[in-house]
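The values are calculated or read from the model by the stated rules, or taken from the named source; none is laboratory data. Since the structure is predicted, the reported quantities are computational estimates derived from the model, not experimental observations. Cβ sites come from the backbone with ideal geometry, for glycine too, and all protein chains shown count toward neighbours.
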Amino acid sequence: MSVRVRMAPSPTGEPHIGNVRTAVFNWLFARKMGGRFILRVEDTDRTRYQPETVEVMMDGLRWLGLNWDEGPGLEELQRMGIHPEAAAKYAVGGPCGPYIQSERLDQYREVAAELLERGWAYRCNCTPERLERVRQRQRANKELVMYDRHCRDLPPDTISPHEPHVIRLKVPLEGQTILHDVIKGDVVFENSGIDDQVLLKSDGFPTYHLAVVVDDHGMEITHVIRGDDWIPSTPKRVLIYQALGWQPPVYCHVPLVLATDGKKLGKRHGATSITQFREQGYLSEALFNFLTLVGWAPGGGEEQEIFGRDELIAAFDLFRVNKASAVFSYDKLDWMNGVYIRELAEEALLERLLPFWQRAGLVPDPCPDEERERLRLVVPLVQERLKRLGEVVEWTGFLFGEIEPPPADKLVGKKMTPQESLVALQQARARLAGVESFDAETLEALLRGLADELALKAGSLFGILRWAVTGQQVSPPLFGSLAALGREKTVARLEAAESVLAAAGQGNP
RNA sequence: GCCCCCAUCGUCUAGUCUGGUCUAGGACACAGGCCUUUCAAGCCUGCGACAAGGGUUCGAAUCCCUUUGGGGGUACCA
């Protein structure tokens, strides 16, 4: 039987990086096994439903290269209220649709009715208030907190199908339910500790527990790969499979992704949504590579860490995934992203950088050819310095618009007097104004020559020039920066710097 | 409280299943050095772990038990 796995996000918020990592495992496994990766939208929680996030999720998956083989079709997406253009872009369809749970309600009701008939479920009309009271009492008495089965053994017709009620699973009072998990091994639960879970809510929507079983079965999912925070509730679903006489999927509970403080990664820990990673300038291939390595490693003495997509597919082994949860290291991600940035061809990097410059308002969109020519000069200057593409704005800000003239003390070189520094700046300006070709190589030769003539250490001279021209202590390499800035602006900034120095000198002879 | 999962450097991990080759390997981070026009990048060096206690065994990071620690779950959320 061919492998079928799924990613089943619920559209209740921004796609969380932990879920995305799990999606990566699913995708990798499907590709490795020549199986199918299916996208299903689990929108059964109507109170937390945020329709926009469906598109954000699909966009994020595509961006990461996690293409799905089956998923919501065009009309389904449009019915969800997704813009026709976007819907067309993300529509995939498939033989097991609909791939949106809110469009499968009939199936859940049917199965719930069957469970009722088989004596594996019962109606319950307890109010939320009563339920809350029961829970409070249980907590106060330090008992197991779960439904007290008040309606479980009511005579058959006590609760009419027409009054508001829920349908609950009738969990056996005794015995054990075993979860066979390929990563964690067998996990045994006492049935006495399993809650009579609600399967069908009073609004007619199923809970996750019912819906996921019906859909996984209907969509012939072979392997359920998901976070291990689902383990405690899995026996309920195993029981539903038993009740229905269905074959359960192979369960693979993968470890959670934690923040540096050891807690489940959350918003206050930094970027958690895939959108944020993208906006900060992580390359999708780097993030993909990194995500693969949180909770999994190739093993066998393999010490490589940078893997191409195909290498990853070949090397990935679901059954080698770790049991223990892993902390998400932004530091290591930054390093890896830097590696990928450095590997990019210059033109490709330029292409990726452009939107960041444009979003910061530094470069017009579309980018005129001559500006592009100029940016071609700056790419190699920043390439090995960037960890995230977004950082290019800080690195190159001085090349666009005007800068604040630097304070006088920054314009005095090491072991130099203000007067000497002023002369050096003037000399540099005069030569730069007259030099024939304004390219990095020529400028370097010129300025090294000047340092020699003035008997200055090259570093001292370059330091004050850097301050004068970039307004910063730290900048991309000087000569390339000058070339990218252009003669006119370079000369103007030197002039401005000279004025600052001269003015300071007069006030303090 | 109750249930469940987990446990190798600060972090990600290799090694655990099939005990000996492990005075525990790699990567990130950190520290120092080299290179150098600043910052990076690169190169070199250093720091740094088998949670604890009991077993089993000639021998345990590897097998068993207990403790401790961490995490997750405990909804008409997913």
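Some observations on this one:
- The helices (runs of 4 or more DSSP H) found wholly in the stretch A:274-342 and carrying at least 2 residues that are closer than 14 Å to A:Phe25 by Cα occupy A:284-292, A:309-315.
- Flag if A:Val491 is at pLDDT below 95, assigned to a helix (DSSP H, G or I) and buried (at least 17 other Cβ atoms within 10 Å of the Cβ): no
- Every condition in (1) within 14 Å of RNA strand B (Cβ to nearest atom); (2) out of contact with any Pro (no Cβ under 7 Å at 6 or more places or on another chain); (3) within 30 Å of A:Phe290 (Cβ to Cβ) holds for A:Arg46 except the one numbered (3).
- Contact map, the stretch A:85-111: first residue under 24 Å from A:Ile167 (Cα atoms), second residue buried (at least 18 other Cβ atoms within 10 Å of the Cβ) and of a type in the set (Lys, Arg), Cβ cut-off under 8 Å, separation 6 or more or different chains; pairs are A:Pro98/A:Arg104; A:Tyr99/A:Arg40; A:Ile100/A:Arg40; A:Gln101/A:Arg40.
- Identity of the residue in the stretch A:168-201, among the β-branched types (Val, Ile, Thr) and over 16 Å from A:Leu116 (Cβ atoms), that ends up nearest to the chain's Cα centre (by Cα): A:Ile183
- Any pair with Cβ under 8 angstrom, 6 or more apart, that starts in the stretch A:65-82 at a residue that is surrounded by 22 or more Cβ atoms within 10 Å (Cβ to Cβ) and ends at one that is of a type in the set (Asp, Glu) and part of a helix (DSSP H, G or I): A:Ile82/A:Glu55
- Hits in the stretch A:143-167 (condition: near RNA strand B (Cβ under 8 Å from one of its atoms) and under 21 Å from A:Glu114 (Cβ atoms)): A:His165, A:Val166
- Candidate set from the stretch A:324-346 (those that are more than 7 Å from RNA strand B (Cβ to nearest atom) and touching a helix residue (DSSP H, G or I) at 6+ places or on another chain (Cβ under 8 Å)); member that is farthest from A:Leu258 (Cα to Cα): A:Glu346
- Selection within the stretch A:418-444 - outside any helix (DSSP H, G or I) and surrounded by 15 or more Cβ atoms within 10 Å (Cβ to Cβ): A:Val435, A:Phe438
- Whichever residue in the stretch A:258-273 is free of Cβ contacts under 8 Å to residues at least 60 places away in the same chain and assigned to a loop (DSSP other than H, G, I, E, B) and, among such residues, is nearest to RNA strand B (Cβ to nearest atom): A:Lys263
- The residues of the stretch A:5-44 that are closer than 25 Å to A:Phe307 by Cβ and outside any helix (DSSP H, G or I), listed by number, are A:Val5, A:Arg6, A:Met7, A:Pro15, A:His16, A:Gly34, A:Gly35, A:Arg36, A:Phe37, A:Ile38, A:Leu39.
- For the stretch A:216-237, filtering for residues that are more than 10 Å from RNA strand B (Cβ to nearest atom) and either of a type in the set (Ser, Thr, Tyr) or assigned to a strand (DSSP E or B) (or both) leaves 4.
- Output for the stretch A:100-134, where each listed residue is within 13 Å of RNA strand B (Cβ to nearest atom), surrounded by fewer than 15 Cβ atoms within 10 Å (Cβ to Cβ) and more than 30 Å from A:Thr53 (Cβ to Cβ): A:Thr127, A:Glu129, A:Arg130, A:Arg133
- Qualifying residue in the stretch A:23-34 (condition: touching a residue at least 12 places away in the same chain (Cβ under 8 Å), under 24 Å from the mean Cα position of the chain (by Cα) and surrounded by fewer than 18 Cβ atoms within 10 Å (Cβ to Cβ)): yes
- Subset of the stretch A:373-407 [surrounded by fewer than 17 Cβ atoms within 10 Å (Cβ to Cβ) and of a type in the set (A, V, I, L, M, F, W, C)]: A:Phe400
- Qualifying residue in the stretch A:238-257 (condition: assigned to a loop (DSSP other than H, G, I, E, B), out of contact with any helix residue (DSSP H, G or I) (no Cβ under 8 Å at 6 or more places or on another chain) and over 30 Å from A:Gln383 (Cβ atoms)): yes
- Residues that are surrounded by fewer than 18 Cβ atoms within 10 Å (Cβ to Cβ) and out of contact with any His (no Cβ under 9 Å at 6 or more places or on another chain) were ranked within the stretch A:223-255; the one that is nearest to A:Asp186 (Cα to Cα) is A:Pro232.
- Answer from A:Gly97, A:Gly60 - the residue that is among the small types (Gly, Ala, Ser), crowded, with 16+ Cβ neighbours inside 10 Å and within 19 Å of A:Gly13 (Cβ to Cβ): A:Gly60
- Residue that is nearest to RNA strand B (Cβ to nearest atom), among those in the stretch A:171-194 that are assigned to a loop (DSSP other than H, G, I, E, B) and crowded, with 16+ Cβ neighbours inside 10 Å: A:Lys184
- The single condition from (1) at positive phi; (2) within 12 Å of RNA strand B (Cβ to nearest atom); (3) under 18 Å from the mean Cα position of the chain (by Cα); (4) not basic (Lys, Arg) that A:Gly301 fails is (3).
- Tally, over the stretch A:264-323, of residues that are within 22 Å of A:Val56 (Cβ to Cβ) and among the aromatic types (Phe, Trp, Tyr): 4
- For A:Tyr208, the criteria (1) near RNA strand B (Cβ under 7 Å from one of its atoms); (2) among the hydroxyl-bearing types (Ser, Thr, Tyr); (3) without any contact (Cβ under 8 Å) to a residue 60 or more places away in the chain hold in every case but one, which is (3).
- Filtering A:Lys410, A:Lys415 for residues that are of a type in the set (Lys, Arg) and either part of a loop (DSSP other than H, G, I, E, B) or away from RNA strand B (no atom under 16 Å from the Cβ) (or both) leaves a single hit, A:Lys415.
- Considered as a group, the residues in the stretch A:194-205 that are free of Cβ contacts under 8 Å to residues at least 60 places away in the same chain and touching a Pro at 6+ places or on another chain (Cβ under 9 Å) include one that is farthest from A:Tyr49 (Cα to Cα), and that residue is A:Ile194.
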